[in-house]
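Novice: A single structure is presented below for examination.
Just so you know, all these numbers are worked out from the coordinates, no wet-lab data involved. Here the structure is a predicted model, which is why all the values come from computation and not from measurement. Here the Cβ is made from the backbone with ideal geometry for all residues, glycine too, and neighbour counts use every protein chain on show.
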Amino acid sequence: MSEQGSKESRLYLNKSNIHKVEPPILSIDYGTKNIGLAITDKKGIVAQPLTTIKVKSNNYEKFFSKLSKIIKDYEIETLVLGIPQTFKEDHLQNINRILEFRSSIKKMTGREVFLYDESYSTSDSYSMLRAQGQSQKKSRQKIDKIAASRFLQELVDFKNRKNE
């Protein structure tokens, strides 16, 4: 593995570096049209959906402005960006966009941005909302922040089991 690849892999949260995650934690579910955000409580036990920010034609100024305010208002300690596993060749394009987005967040905030596997969080969240009787239209409005919340809860559960 190259030096860059090795460095990048250390940014994926796993059992060897999960101790670096301090609450409150903000998770980011990246999308080209919508970016979902979720947050933990101050003890890092429960994740909850926060908001979805609409993005227009790769213009992230609105997102970065809101992100700065959220980090300050909620006294965020850790930023986590969801990234899917690579199952197909077309996933690589999305992963590259996510890694570029991560670099932009890091540059804007001056903070490390950890990566966490969010595979299936969107499809699982969509299924959950539909099972609860949500219409397709209402589900689309909530899906990104719910997906961010689902993989964040998975992360904090993993961290808390590791600490037991």
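Novice: Sort 12, 116 by Cβ crowding within 10 Å, fewest neighbours at the top. Present the calculation step by step, with values, prior to reporting the outcome.
Specialist: Numbers: 12 13, 116 23.
Fewest to most other Cβ atoms nearby, the residues stand as 12, 116.
Novice: May I ask you to list the GluC sites (Glu not before Pro) in segment 32-99 that are in a DSSP loop and have at most 12 other Cβ atoms within 10 Å of their Cβ?
Specialist: 75
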